[in-house]
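Student: Dropping the structure in here first, questions after.
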Amino acid sequence: MTRSISTTFIIFAVLLLAACEADRMSEKGFSLPPGNAMSGREAFVYMHCHECHTVVGEELPALTGTAPPFVELGGKVTRVKTYGELVTSIINPSHKLARGYPLEVITNDGQSRMPVYNGYMTVQELIDIVAFLQPHYDVFVPQYNYRIYP
Ligand code: HEC
């Protein structure tokens with residue numbers, strides 16, 4: 001009896017610990033202060049993000065001597081692109097790869113071809129870049145053709 005109680009307790013404690021451990025990695029409570037989209041655009045160009053990216057609705061200065069950009073940012077998405085997702089795409093590019101591109105185009109050895117800027121992009125630049133990019137995503141509701149059965 002005592003043994004089964006202590007076993008139950010141990011199992012319970014282990015589950016609880018596992019839950020706490022998962023919680024520690026939660027993005028809950030994460031919040032960015034408002035950014036400046038204009039400065040974000042400048043930082044985007046200054047860091048040559050447009051070497052690989054077009055931004056829907058933005059005319060960005062052409063870069064000479066580089067291959068044309070191949071990953072589009074912004075545009076129509078079926079659900080809100082949150083700033084959490086954008087921040088993650090920038091500081092942890094391989095975490096979740098952009099959808100709709102062949103893997104051989106966007107990855108190298110299974111990792112995103114996007115460089116990691118964490119060593120020199122300031123937090124302010126990150127905030128501003130996200131403020132610049134976020135409004136370029138346009139949420140649309142896909143239209144389904146319903147068939148009405150009589
Ligand atoms: C050398 C090319 C390259 C450069 C330079 C580059 N990226 Fe990327 N980026 C990629 C590739 C490839 C992907 C798609 C794979 C992925 O999701 O990481 C990507 C994905 C992204 C995504 C996610 C897109 C989606 O639809 O999920 C964002 C946001 C992004 N980049 C922002 C930036 C910003 C901001 C900069 C500049 C600070 C930058 N990138 C510079 C190659 C690049």
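Student: Full extension from E42 to F30: what is 0.36 nm times the residue separation minus their Cα-Cα distance, to one decimal in nm?
Tutor: 1.8 nm
Student: While we're on this one: Order these peptides, 94-100, 129-135, by their mean beta-carbon neighbour count within 10 angstrom, highest first.
Tutor: Top to bottom by mean Cβ count within 10 Å: 129-135, 94-100.
Student: Now for a separate question. Considering only DSSP beta bridges where both residues belong to segment 32-139, give the percentage that are antiparallel (nearest 5).
Tutor: Values: 2 of 8 bridges.
Percent antiparallel among DSSP bridges in segment 32-139 is about 25.
Student: Just to make sure I understand: if all protein chains stay in place, what is the order of V141, V77 by accessible area at 1.4 Å, largest first?
Tutor: V141, V77
Student: Further question: Can you give the net charge of the other residues whose Cβ lies under 15 Å from the Cβ of M38, counting K and R as +1 and D and E as -1?
Tutor: -4
Student: About the Cα centre of segment 1-82, what is the dipole size in debye to 20, counting +1 per Lys and Arg Cβ and -1 per Asp and Glu Cβ, all else neutral? Walk me through the intermediate numbers first.
Tutor: On the way: 7 positive and 8 negative charges, 98 e Å.
Dipole of segment 1-82, to the nearest 20 debye: 460 debye.
Student: Determine the shape class of segment 32-139: with a ≥ b ≥ c the square roots of the Cα gyration tensor eigenvalues, call it rounded for a/c under 1.5, and otherwise prolate if a/b is greater than b/c, oblate otherwise.
Tutor: Rounded.
Student: Roughly how big is segment 85-144's charge dipole about its Cα centre, with Cβ charges of +1 (Lys, Arg) and -1 (Asp, Glu), in debye to the nearest 20?
Tutor: The dipole of segment 85-144 has a size of about 120 debye.
Student: In bins 5 Å wide, starting from 0, what share of all Cα pairs of segment 1-74 does each bin hold, as a percent?
Tutor: Going out from 0 Å in 5 Å bins, segment 1-74 shows 3, 12, 13, 11, 7, 8, 7, 7, 6, 6, 6, 5, 5, 3, 1, 0 percent.
Student: Given points 7 Å out from each Cα along the Cα-Cβ axis, report the A13 to T78 separation in nanometres with one decimal.
Tutor: Inter-label distance under the simple model: 4.6 nm.
Student: Which of the helices in the chain, when you take each full DSSP H run, stretch at least 30 Å along the axis at their Cα atoms and have an average Kyte-Doolittle score of -1.0 or higher?
Tutor: TM-like helix candidates: 2-24.
Student: Which residue fluctuates most in the GNM of the chain (Cα springs below 10 Å): A19, A62, A37?
Tutor: Fluctuation is largest for A19.
Student: Considering only protein heavy atoms, what per residue accessible area in square angstrom results for the chain with a 1.4 angstrom probe? Intermediate results must be reported in sequence, preceding the final value.
Tutor: Details: 11490 Å² over 150 residues.
Value returned for the chain: 77 Å² of accessible area per residue.
Student: Turning to a different aspect of this structure: Using the Cα centre as the reference, give the magnitude of the dipole from point charges on the C-beta atoms of segment 32-139 (Lys, Arg: +1; Asp, Glu: -1; all else neutral), rounded to the nearest 20 debye.
Tutor: With Lys and Arg at +1 and Asp and Glu at -1, about 320 debye.
Student: Another question, then. Show me the GluC sites (Glu not before Pro) within segment 28-110 that DSSP assigns to loop and that have at most 15 other Cβ atoms within 10 Å of their Cβ. Don't skip to the end; give the middle numbers.
Tutor: Working: sites: E42, E51, E58, E59, E72, E85, E104; in loops: E58, E59.
Answer by residue number: E59.
Student: Along the positive direction of the dipole of the chain (beta-carbon charges: Lys, Arg +1; Asp, Glu -1; about the Cα centre), which of F30, A13, P102 reaches farthest?
Tutor: Of the candidates, A13 comes out farthest on the positive side.
Student: Under 10 Å, Cα contacts only: if you run a Gaussian network model on the chain, which one of Y83, Y137, Y101 comes out with the highest mean-square fluctuation?
Tutor: Maximum fluctuation in the GNM of the chain, among the listed residues, is at Y101.
Student: Probe radius 1.4 Å, ligands and nucleic acids ignored: give me the carbon and sulfur share of the accessible area of the chain as a rounded percent.
Tutor: Solvent-exposed carbon and sulfur of the chain make up 60 percent of the total.
Student: Using helices alone, I'd like the mean residue ellipticity at 222 nm for the chain: each DSSP H run of four-plus residues gives -39500 (n - 2.57), total over residue count, nearest 500.
Tutor: -11500 deg cm²/dmol
Student: Roughly how many nanometres apart are two label points built 7 Å out from the Cα toward the Cβ at D23 and F70?
Tutor: 4.4 nm
Student: Rounded to the nearest 0.05, what FRET efficiency is calculated for Q124 and A98 with R0 set to 22 Å and r the Cβ-Cβ distance?
Tutor: 0.35
Student: Hey, if you put +1 on the Cβ of every Lys and Arg and -1 on every Asp and Glu Cβ in segment 18-150, which of F140, T88, G74 ends up farthest toward the positive end of that dipole?
Tutor: Ranked along the dipole, the leading option is F140.
The values are calculated or read from the model by the stated rules, or taken from the named source; none is laboratory data. Since the model is a prediction, treat every value here as computed from it, not as a measurement. Every residue, glycine among them, receives a Cβ derived from its backbone with ideal geometry; neighbour counts consider all protein chains shown. For the accessible areas, the whole protein counts, side chains as well, though only heavy atoms, and no ligand, DNA or RNA atoms are used. Shrake-Rupley method; radii C 1.70, N 1.55, O 1.52, S 1.80 Å.
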